[in-house]
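Asks: My structure is below; once you've seen it, I'll send some questions.
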Amino acid sequence: MNINDLREYPVASERGGREADFENYVSFLAKLREALDGSDKTYGLTITLPSSYWYMQHFDIKNMDKSVDWVRLQEIPSSLRKKSNPCL
């Protein structure tokens, strides 16, 4: 069984993020990993991160890596962004 967590903008202030979430997210993943490892089942833990450096810089990837099995990068093709957001 696999669990995926998608947090796109934990620290980005323009998206409602908080500075404390840079460390809070690492702590959350560590506690989640501990809980999963303590269960009677085998779980994989993946996270999905934005591919844009502007938002990726808000993640402590080096420390998050200790708790996750896989990191996915989310990319939305520009053609889809333009269709959903006419301001682009």
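The values are calculated or read from the model by the stated rules, or taken from the named source; none is laboratory data. Everything quoted here is computed from the prediction, not taken from an experiment. Cβ: placed from backbone, ideal geometry, glycine included. Neighbour counts: every protein chain shown.
Asks: So is TYR43 touching a residue at least 12 places away in the same chain (Cβ under 8 Å) and more than 15 Å from the chain's Cα centre (by Cα) or not?
Replies: Yes.
Every residue, every condition in (1) in contact with a Ser or Thr (Cβ under 6 Å, 6 or more places away or on another chain); (2) among the polar types (S, T, N, Q); (3) within 19 Å of LEU73 (Cβ to Cβ), yes or no:
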site: GLY16; (1), (2), (3): no, no, no
site: LEU29; (1), (2), (3): yes, no, yes
site: GLU34; (1), (2), (3): no, no, no
site: SER39; (1), (2), (3): no, yes, no
site: GLY44; (1), (2), (3): no, no, yes
site: SER51; (1), (2), (3): no, yes, yes
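Asks: So which residues in region 45-71 are surrounded by 16 or more Cβ atoms within 10 Å (Cβ to Cβ) and in a strand (DSSP E or B), if there are any at all?
Replies: LEU45, ILE47, LEU49, PRO50 - these are the residues of region 45-71 that are surrounded by 16 or more Cβ atoms within 10 Å (Cβ to Cβ) and in a strand (DSSP E or B).
Asks: Where residues in region 1-44 are modelled with pLDDT of 85 or more, part of a loop (DSSP other than H, G, I, E, B) and of a type in the set (D, E, K, R), which of them is farthest from VAL71 (Cα to Cα)?
Replies: Ranking the candidates gives ASP40 first.
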